[in-house]
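Structure, as structure tokens:
The values are calculated or read from the model by the stated rules, or taken from the named source; none is laboratory data. Being a predicted model, the structure only gives us computed values, none of them experimental. Methodologically, a virtual Cβ is constructed for each residue, glycine included, from the backbone with ideal geometry; neighbour enumeration extends over all protein chains shown. When the accessible area is computed, the model is the full protein with side chains, heavy atoms only, and any ligands, DNA or RNA have been set aside. Shrake-Rupley method; radii C 1.70, N 1.55, O 1.52, S 1.80 Å.
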Amino acid sequence: MTWPLRRAGAFALVGALSLAAPLLGPAAAAPFVVVAALAAFVVEDGPAFELFARPGDHEERTLYGLAGFALAAAGLALFVPLFGMPVFVFVASVLVLSGGNLAEAAARQRRHEPVAATVAFVVGGTLAGVLGQFVVGLAAPAPSPALAVFFAASAALLGALVRLALFVRDDPLVLFSMGLLLWLLAALEPTISPIGVALALLVTAGFGALAYALDTASITGMVTGVLAGLLMVVLGGFGWFALLITFFGGGGLAGKFRYDRKRKRGLAEGNDGARGSANVLANSAVALGAVLAYAASPMLPLTASPFVFAFAGSLAAAMADTLSSEIGGLFDTPRLITTFEPVPPGTDGGVTWQGVVAGLFGAVLIAVLGFLFLPISPAGAIVVALAGIAGMVVDSLLGARFENRAVGDLFAGVLAGLAFADRRIGNQTVNFLATLAAALVCAALAAATGLAAL
């Protein structure tokens, strides 16, 4: 057994202290406070130190990694008595992280491919999270087996994504991210059968694996897509997922279409056209927010129908913009949308008639699927298509005016902040704002025409 695996096993044993939470009640944080104190002030050498130490701990002779993990668990445990977090949320979050880390360490001992380690984290974390919820159910309220699997899998996917996108050893951030997600999902009180959960996992994981195998998504893009798809299936239904996977699949294939020509023209996506998490989230974050709001609509002063239109409109815009960019970039003589003057291929805000036609097709395709799979009438489908076209236009206008330019006014400064860049508007920010605009336009048009009751 290698040292990383032994250390991960030791951390998993510490995480198992969370199983005492139903018995300890308000004192559930106490065991982790004790562990943090020992790690920070007492254990400076010896076998215990060597078991838990991470490379950076040796220089200061302090178990910072263990102390950080224990303090994060203690902090999350305080949410139970202070803010009413369900105890199973706390236990599942801790065990998903510690169990996922253990499974990942075991996988790395056999194989060194990053995708194998990520899959191991998700599978191991899901199993550990389900086990934790089962144990909690012996002494405290806990979800049904189907929901326990859904909660654990959602937390494991989010944990894997945060570790991949940020820093693999930032246990506090990962733990709190998973805990807040599970708390939100528990508050939504979704209902799904064991067969429904099994199908949701199989379908979303299958499409994610296919996207990765075809190089249309990176590892982070795959994990992001699977998480978004799982949430949409469980909180909305398979019809919602049908629209999402159409966008992911169509956009991914469009990115691969004549990739070599795009690369020669300097227009190709990086990473051989594989979509990363930033690209996936920029185009689907609004849709994901819409499905969460749809699930929460019984607790809101709004009906569910506006969120259905917001969801469809945002994806129509995402599909329209993706197809127009990927297809239109193959043709010469684009014109700037604001002045219609000829510009070089790849210029932000430059459009071609071929790209416009492709974008119209993408918006109409999502609208038709919305009519087939969602509670949207033929008239509603027309509204979805119009909103998608509006979003495509907004994307081009923002690209022409703001993208990749230094900005100074307040409005543009806010946009730059959304991009986490030094006051420059990136493509992901433009995509997000375009899908948001389309969602708002679609919901407003549907309400104004009586197609969606507020």
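Below, the figures for the structure above:
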| read-out | value |
| --- | --- |
| Region 173-235-region 346-362 distance, computed between alpha-carbon centres (Å) | 32 Å |
| The chain, relative contact order [Cα under 8 Å, separation at least 6], % | 11 percent |
| Area accessible to solvent at residue 50, 1.4 Å probe radius, in Å² | 80 Å² |
| Contact order normalised by residue count of region 98-196, Cα under 8 Å, 6+ apart, percent | 23 percent |
| Nearest-ten-degree value, helix 219-235 long axis tilted from longest Cα axis of the chain | 90 degrees |
| Protection proxy ranking of 300-307, 17-24 - average other beta-carbon atoms within 10 Å, highest first | 17-24, 300-307 |
| Helical contribution to [θ] at 222 nm, DSSP H n ≥ 4, -39,500 (n - 2.57), averaged over the chain, rounded to 500 | -23500 deg cm²/dmol |
| Solvent-accessible ranking of 93, 144, largest area first, probe 1.4 Å | 144, 93 |
| HN-Hα J in Hz across region 209-215 - Karplus 6.51, -1.76, 1.60, θ = phi - 60°, x for Gly and Pro | 5, 5, 4, 5, 5, 8, 6 |
| Contour minus Cα-Cα distance for residue 61 and residue 78 (0.36 nm per residue) | 3.3 nm |
| Accessible area in the full protein assembly, largest first, 1.4 Å probe, for 41, 83 | 41, 83 |
| FRET efficiency estimate (nearest 0.05) - Cβ-Cβ, residue 10 to residue 110, R0 22 angstrom | 0.65 |
| Accessible area expressed per residue, the chain, with surrounding protein chains retained (probe 1.4 Å, Å²) | 43 Å² |
| Note, ³J(HN,Hα) from phi for region 97-104, Karplus 6.51, -1.76, 1.60, rounded to Hz, x at Gly and Pro | 5, 5, x, x, 4, 5, 5, 5 |
| Global geometry of region 117-211, whether rounded, prolate or oblate, following the gyration tensor of its Cα atoms and the 1.5 cut on a/c | oblate |
| Cut-off under 5 Å, modelled amide H: who pairs with residue 351 long-range | 335, 336, 337 |
| Amide H contacts of residue 85 (H built 1.01 Å from N, under 5 Å, at least 5 apart or other chain) | 80 |
| Ranked order, 353, 240, 183 - accessible area, probe 1.4 Å, largest first | 353, 183, 240 |
| Karplus (6.51, -1.76, 1.60) ³J(HN,Hα), θ = phi - 60°, over region 170-181, in Hz, Gly and Pro reported as x | 7, 4, x, 5, 4, 5, 5, 4, 5, x, 5, 5 |
| Largest-first principal axis extents, alpha carbons of the chain, Å | 72, 47, 43 |
| Solvent-accessible area, 1.4 Å probe, carbon plus sulfur percent, for the chain | 70 percent |
| Acute angle (nearest 10 degrees) that the helix 238-256 long axis makes with the longest principal axis of the chain, alpha-carbon atoms | 70 degrees |
| Pairwise label distance in nanometres, residue 397 with residue 372, each label 7 Å out on the Cα-Cβ vector | 3.2 nm |
| Nearest 10 degrees, 0 to 90: helix 305-328 Cα axis against the chain principal axis | 70 degrees |
